[in-house]
Amino acid sequence: MWAINKNIDSTSDSELLNQYLRSGNLEVLGELYNNYIHLVYGVCLKYLNDREESKDAVNKIFENLIVEIPKFEIQNFRSWLYVVTKNHCLMEIRKKKTEKKRFEKYSEDFFMDSTDILHPIDEASDEDLHENLKNCIEKLKHEQKQCIVMFYFDKKCYKEISDELNMEQKKVKSFIQNGKRNLKICLEEYKEKQNV
């Protein structure tokens, strides 16, 4: 997948680093990064535990280096890169956990808000429920989806949504009510499919 230079010399790291800092030439940075790409991929795989995500992370980290390198006085590029890679992975893991928590909170609030919507999914597992809810939200009409997400997910009141979307509050309320009704129908359809 990537070329690996097995004869890594810390002096050449410093030379390449200085050359990049002087010229801003991305080919020079690419050459330096290529020496450690196996290390970066290995660390990403260890933390992210997913090959595709790790490949994406390798590319993102390279892009980040363009911005980050000039900010630091780097004595040992290999050690510094290891820390940058590890921090990138930890941030990605934290981001995923936050998104998962936000979605769970959103689903919980959504179903607590309207008890009559509970019956279509009361026998579904949490995993099925979250996946089905996500799919149903994607199927909503644009305005309904916007209002539902802003109201339940972003915790915005009718007035805030109304101001942000530049529409009357009664329209916002209508989109939310219709969106909830459509979500209920959609979830019932998923439940019927699961019971077939």
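Being at pLDDT 80 or above and either assigned by TED's automatic domain parsing to the domain that holds Val40 or closer than 30 Å to Ala57 by Cβ (or both) is the requirement here; does Leu140 meet it? So Leu140 fails the test. The set of residues from the stretch 69-85 being among the charged types (D, E, K, R) and closer than 16 Å to Val58 by Cα comprises just one member, Arg78. Checking Glu73, Glu53 one by one, the residue that is surrounded by 14 or more Cβ atoms within 10 Å (Cβ to Cβ) and either in a loop (DSSP other than H, G, I, E, B) or within 16 Å of the chain's Cα centre (by Cα) (or both) is Glu53 and no other.
Check off (1) within 18 Å of Leu133 (Cα to Cα); (2) under 25 Å from the mean Cα position of the chain (by Cα); (3) in a helix (DSSP H, G or I) for Lys155 and give me the number that stays unchecked. With (1) within 18 Å of Leu133 (Cα to Cα); (2) under 25 Å from the mean Cα position of the chain (by Cα); (3) in a helix (DSSP H, G or I) applied to Lys155, the lone miss is (3). It is to be established whether one or more residues within the stretch 156-164 are surrounded by 14 or more Cβ atoms within 10 Å (Cβ to Cβ), among the acidic types (Asp, Glu) and over 18 Å from Leu140 (Cβ atoms). Yes, some residue in the stretch 156-164 is surrounded by 14 or more Cβ atoms within 10 Å (Cβ to Cβ), among the acidic types (Asp, Glu) and over 18 Å from Leu140 (Cβ atoms).
For the stretch 9-45: of the residues being in contact (Cβ under 8 Å) with a residue 40 or more places away in the chain and closer than 18 Å to Arg94 by Cα, which is nearest to the chain's Cα centre (by Cα)? Per the stated criteria, the residue is Cys44.
The values are calculated or read from the model by the stated rules, or taken from the named source; none is laboratory data. This structure is a prediction, so every number in the text was calculated from the model and none was measured. Every residue, glycine as well, gets a Cβ built from its backbone with ideal geometry; the counts of neighbours run over all protein chains shown.
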